[in-house]
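Chemist: Below: one structure in structure tokens.
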Amino acid sequence: MKNLSDEVLANIEEVVPSWLLRNPNLFKLILIRSTELAFGALGKSGVIRGPIHSSVGQEVVAVAACASLEDSDFMLSNHRGHGHYLAKGGNLTNLIYELLGDDRGCCSGLGGSMHVAELDSGILGSNGIVGAGVPIACGVSLAEKIKGSGAVTMVFLGDGAMNQGVVMESLNLAAIYSLPVIFVCENNQYAYSTRSDDMTKNAYHERASGFGIEATHLQDTSLNQNLKIMEKVVSKTRQKSMPHFVEFFTYRLHRHFETERQRAVDYLLADLHEHRSMNDPVTRECVELGQDESECDNVIAEVKFIITSFAETCVKK
Amino acid sequence: MTYLEILRSAVYALMERDETYLYIGEDVRSGQKGISDGFFSKFGAQRVIDTPISESGFCGMAVGLAVNGFRPIVEFNFSGLMFVCLDQIFNQAFKFKFMTGNKRNVPIIYLMPTGTKGGLAGHHSDNTYATLSHLGVISLMPACKEQIPSVMDYACSANAPVAIFLPVEEFRSDTVYDIADINPFFLRLKCGDDVAIICTGTSISTVNKFFNTASKSIVRRTALYCVSDLNLSIKCLDEIRHLKEKTIVIVDDATEDFGFASQIELEIRRSKQHECPEIYTVCRLSNLVPFREGLEHALRPSAERINEVFLDSGLLGGKA
């Protein structure tokens, strides 16, 4: 996991406890959470420009989905893409630079929060247009199929993207060309402020089945369980060169973007939000590993501090 | 050979030369448009890829192929279909390289049959090139068969998304032009000292009809140029800026407002502020193309409308 060219990650690995380093998937879970919290704070304080779409609450999906990918596999993401980037092994320092608009960023500071990529690592970019990366993933996958490389392409999309025409076209393309592509639909229950079940009559995984694609429906309730399932999904996609659709039922603990203002009548369902907040998946995973909640919070705070301090120092320079 | 046959040969040669070229689109295996006729039997299913009627989907797929080692050639049924998939052409293909830090090229060629031979009505008659020019996407339109190989070479060397507009009115044309300097940008098709007609691929046959009916004096004294570089990049602009004629007539079968002809006129006025020539335009009058023959004819540039410009303005004696 250690990447010597990743200065911030190296600093983090110096300070986190050994129980965390011994569990790389949990480490990634905490790394994503801390990074998102740091970016949120930096956005609110004006250090980072523009909207920041946080994946706080959805970390299990990114880690479980990407854990079985090889370095030679490909991943494409959406506007809520920091977690996917880190889960696939993207360089944290370059991610921070990117959000600061620094030319040392992973996209030379030209993309920003919604457009992070590390092309040489198979991270082919996140996307500001909902659903637009999905057909691109089909093309990447078709290229690998023609080359006969055996590589798998994974693309993340949200529940909102499932009502984009181009996503329906892409599911069909993947099916007719038998592409080794995995569609990971993160159903976080809201497309911006709109409840997904207000906008869609049937389940997303059923839609994928309707295109002739094998579909799996998962809850974000257990990292270990999801890691095992995703390992099988990735392996099967690779071996059979067939598409797979995975719907993850999850929840966005933060608002659509970090600086979004709550309206007089809030769109969030209060009971659901409270229930989900009380059952934070990152805390749950730490507790299941035998750590107490405060220890988990302390590690997250410490990692967040390292990232925030690094960013603030960069800006002062 | 016709324009279409030369076009097919040029694409065929590309496919034969380099295995990373893939040919993608609707009905391309059966070669319904004529461009890919015979490609499937020569290059096989892996390189000649029939798609569903999903322009956004297959244009997105082309982006994925292009960023991953291939050079897709995407055939459109007609250029108006770009409106179905503009996000994938502009937001994705065009911006990918820049937004990911200028680290990877996105070599895609879009072949876009454009315009009308008549009778196609509102959905199938559009000339949409100014839309892509406005967005900054490299766009070219070979006006005659002699120009096709140089346009294809330029499109390939760009290593970027390039739209090649193909005027359907020219597909069956076997007109031979004697061109001294064949390039993908600007063609000098005919000499003449007094008036310059600037045409495009969608108006070249109309201008030829005008010459066939015009007086010998007008024909002798009128030069004909053709703009094929739809972005008016510097090589094309240099030619336009150095035109010597004191009267210029721009003929283009697309609408003038916020359009290509207006941009040419603007560039001429910018470059010749003190001795600006008189400029006239003969363009499509509306983007609402009627089916009824007489109405459609009146809307589009025609030999009669070019003649009217000469008559009304008293150009070269005003008699055609």
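Chemist: Name the one entry in A:GLY46, A:GLY109, A:GLY89 that is touching an Asp or Glu at 6+ places or on another chain (Cβ under 6 Å) and either acidic (Asp, Glu) or surrounded by fewer than 21 Cβ atoms within 10 Å (Cβ to Cβ) (or both). Break it down into steps so the answer makes sense when it comes.
Modeler: Numbers: A:GLY46 fails: touching an Asp or Glu at 6+ places or on another chain (Cβ under 6 Å); A:GLY89 fails: touching an Asp or Glu at 6+ places or on another chain (Cβ under 6 Å).
Selected residue: A:GLY109, the only one of A:GLY46, A:GLY109, A:GLY89 that is touching an Asp or Glu at 6+ places or on another chain (Cβ under 6 Å) and either acidic (Asp, Glu) or surrounded by fewer than 21 Cβ atoms within 10 Å (Cβ to Cβ) (or both).
Chemist: Scan the range B:35-47 residue by residue and report those that are open to solvent by 20 Å² or more (accessible area, probe 1.4 Å) and either part of a loop (DSSP other than H, G, I, E, B) or touching a residue at least 12 places away in the same chain (Cβ under 8 Å) (or both).
Modeler: Those that are open to solvent by 20 Å² or more (accessible area, probe 1.4 Å) and either part of a loop (DSSP other than H, G, I, E, B) or touching a residue at least 12 places away in the same chain (Cβ under 8 Å) (or both): B:ASP37, B:GLY38, B:PHE40, B:LYS42, B:PHE43, B:GLY44, B:ALA45, B:GLN46, B:ARG47.
Chemist: Only one of (1) assigned to a helix (DSSP H, G or I); (2) on the phi > 0 side of the Ramachandran plot is not met by B:ASP87, so which one is it?
Modeler: Result: B:ASP87 passes all but (2).
Residues are listed down the side, and each one gets a yes or a no for (1) in the same structural domain as B:THR247 (by TED's automatic domain parsing); (2) among the polar types (S, T, N, Q); (3) without any contact (Cβ under 8 Å) to a residue 24 or more places away in the chain:
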{"site": "B:ALA180", "(1), (2), (3)": "no, no, yes"}
{"site": "B:ILE197", "(1), (2), (3)": "yes, no, no"}
{"site": "B:PHE211", "(1), (2), (3)": "yes, no, yes"}
{"site": "B:SER217", "(1), (2), (3)": "yes, yes, no"}
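Chemist: Would a scan of the range B:23-30 turn up a residue that is at the interface with chain A (Cβ under 8 Å from one of its Cβ atoms), under 22 Å from A:ALA132 (Cα atoms) and at pLDDT 95 or above?
Modeler: Within the range B:23-30, none of the residues are at the interface with chain A (Cβ under 8 Å from one of its Cβ atoms), under 22 Å from A:ALA132 (Cα atoms) and at pLDDT 95 or above.
Chemist: Scan the range A:198-210 for residues that are touching a residue at least 24 places away in the same chain (Cβ under 8 Å) and either open to solvent by 70 Å² or more (accessible area, probe 1.4 Å) or farther than 13 Å from A:CYS185 by Cβ (or both) and report the count.
Modeler: Of the residues in the range A:198-210, 1 are touching a residue at least 24 places away in the same chain (Cβ under 8 Å) and either open to solvent by 70 Å² or more (accessible area, probe 1.4 Å) or farther than 13 Å from A:CYS185 by Cβ (or both).
Chemist: Being open to solvent by 40 Å² or more (accessible area, probe 1.4 Å), over 22 Å from the mean Cα position of the chain (by Cα) and touching a residue at least 24 places away in the same chain (Cβ under 8 Å) is the requirement here; does B:GLY69 meet it?
Modeler: The answer is yes for B:GLY69.
Chemist: Give me the helices (runs of 4 or more DSSP H) completely within the range A:170-254, filtered to those with at least 2 residues that are within 26 Å of A:ILE146 (Cβ to Cβ) and in contact with a Pro (Cβ under 7 Å, 6 or more places away or on another chain), ordered by residue number.
Modeler: Counting at least 2 such residues, we get A:223-240.
Chemist: Still on this structure, please answer the following. Limited to the range B:146-163, what total is found for residues that are farther than 17 Å from B:THR2 by Cβ and either in a strand (DSSP E or B) or open to solvent by less than 50 Å² (accessible area, probe 1.4 Å) (or both)? Working first, answer last.
Modeler: The first filter runs over the range B:146-163 and keeps only residues farther than 17 Å from B:THR2 by Cβ, leaving B:150, B:153-163.
Cutting the leftovers down to either in a strand (DSSP E or B) or open to solvent by less than 50 Å² (accessible area, probe 1.4 Å) (or both) gives us B:150, B:155-156, B:158, B:160-163.
Within the range B:146-163, residues that are farther than 17 Å from B:THR2 by Cβ and either in a strand (DSSP E or B) or open to solvent by less than 50 Å² (accessible area, probe 1.4 Å) (or both) number 8.
Chemist: Right, here's the next one. Filter the range B:105-120 down to the residues that are assigned to a loop (DSSP other than H, G, I, E, B) and over 18 Å from A:VAL140 (Cβ atoms) and list them by number.
Modeler: B:GLY115, B:THR116, B:LYS117, B:GLY118, B:GLY119, B:LEU120
Chemist: Within the range A:9-30, identify whether any single residue is touching a Ser or Thr at 6+ places or on another chain (Cβ under 6 Å) and open to solvent by less than 20 Å² (accessible area, probe 1.4 Å), and answer yes or no. Working first, answer last.
Modeler: First pass over the range A:9-30, keeping only residues touching a Ser or Thr at 6+ places or on another chain (Cβ under 6 Å): none.
Taking every residue of the range A:9-30 in turn, none turns out to be touching a Ser or Thr at 6+ places or on another chain (Cβ under 6 Å) and open to solvent by less than 20 Å² (accessible area, probe 1.4 Å).
Here is a yes/no grid of residues against (1) within 14 Å of chain B (Cβ to nearest Cβ); (2) out of contact with any helix residue (DSSP H, G or I) (no Cβ under 7 Å at 6 or more places or on another chain); (3) at pLDDT 95 or above; (4) surrounded by 18 or more Cβ atoms within 10 Å (Cβ to Cβ):
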residue	(1), (2), (3), (4)
A:GLY158	no, yes, yes, yes
A:GLU186	no, no, yes, yes
A:LYS228	no, yes, yes, no
A:LYS240	no, yes, yes, no
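Chemist: When the range A:55-86 is examined, which residues are found to be of a type in the set (Ser, Thr, Tyr), buried (at least 24 other Cβ atoms within 10 Å of the Cβ) and outside any helix (DSSP H, G or I)?
Modeler: Those that are of a type in the set (Ser, Thr, Tyr), buried (at least 24 other Cβ atoms within 10 Å of the Cβ) and outside any helix (DSSP H, G or I): A:SER55, A:SER77.
Chemist: Only one residue in B:ASP50, B:ASP87 is more than 7 Å from every other protein chain (Cβ to nearest Cβ), in contact (Cβ under 8 Å) with a residue 12 or more places away in the chain and surrounded by fewer than 21 Cβ atoms within 10 Å (Cβ to Cβ). Which one?
Modeler: Exactly one residue qualifies, and that residue is B:ASP50.
One line per residue, one yes/no per condition, for (1) open to solvent by less than 20 Å² (accessible area, probe 1.4 Å); (2) facing chain B (nearest Cβ under 9 Å); (3) within 17 Å of B:ASP87 (Cα to Cα); (4) not in a strand (DSSP E or B):
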residue	(1), (2), (3), (4)
A:VAL134	yes, yes, yes, yes
A:GLY139	yes, yes, yes, yes
A:LEU142	yes, yes, no, yes
A:ALA161	yes, no, yes, yes
A:MET168	no, yes, yes, yes
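Chemist: Can I ask one more? Quick check on the range B:260-279. Is at least one of its residues at pLDDT 95 or above, outside any helix (DSSP H, G or I) and within 18 Å of B:SER205 (Cα to Cα)?
Modeler: No - not one qualifying residue is present in the range B:260-279.
Chemist: Just to be sure before I move on: is B:ALA143 crowded, with 22+ Cβ neighbours inside 10 Å and within 14 Å of chain A (Cβ to nearest Cβ) in the structure I sent?
Modeler: no
Chemist: Within the range A:265-276, is even one residue under 20 Å from A:LYS44 (Cβ atoms), surrounded by fewer than 14 Cβ atoms within 10 Å (Cβ to Cβ) and among the charged types (D, E, K, R)?
Modeler: Among the residues of the range A:265-276, at least one is under 20 Å from A:LYS44 (Cβ atoms), surrounded by fewer than 14 Cβ atoms within 10 Å (Cβ to Cβ) and among the charged types (D, E, K, R), which makes the answer yes.
Rundown of residues vs (1) among the hydrophobic types (A, V, I, L, M, F, W, C); (2) open to solvent by less than 50 Å² (accessible area, probe 1.4 Å), yes/no style:
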| site | (1), (2) |
| --- | --- |
| B:ALA214 | yes, yes |
| B:GLY259 | no, yes |
| B:GLN263 | no, no |
| B:GLU267 | no, yes |
| B:PRO277 | no, yes |
| B:VAL282 | yes, yes |
| B:ARG292 | no, no |
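Chemist: Take B:ASN102 and tell me if it is modelled with pLDDT of 95 or more, open to solvent by 10 Å² or more (accessible area, probe 1.4 Å), assigned to a loop (DSSP other than H, G, I, E, B) and more than 10 Å from chain A (Cβ to nearest Cβ).
Modeler: no
Chemist: On to the next question. Of all residues being facing chain A (nearest Cβ under 8 Å) and of a type in the set (A, V, I, L, M) in the range B:53-79, which is farthest from B:SER157 (Cα to Cα)? Just the residue, please.
Modeler: B:MET61
The values are calculated or read from the model by the stated rules, or taken from the named source; none is laboratory data. None of these values were measured; they are calculated from a predicted model. All Cβ positions, even for glycine, are placed from backbone atoms using ideal geometry, and neighbour counts span all protein chains on display. Quick note on the areas: whole protein, heavy atoms, side chains included, nothing else; ligands and nucleic acids left out. Shrake-Rupley method; radii C 1.70, N 1.55, O 1.52, S 1.80 Å.
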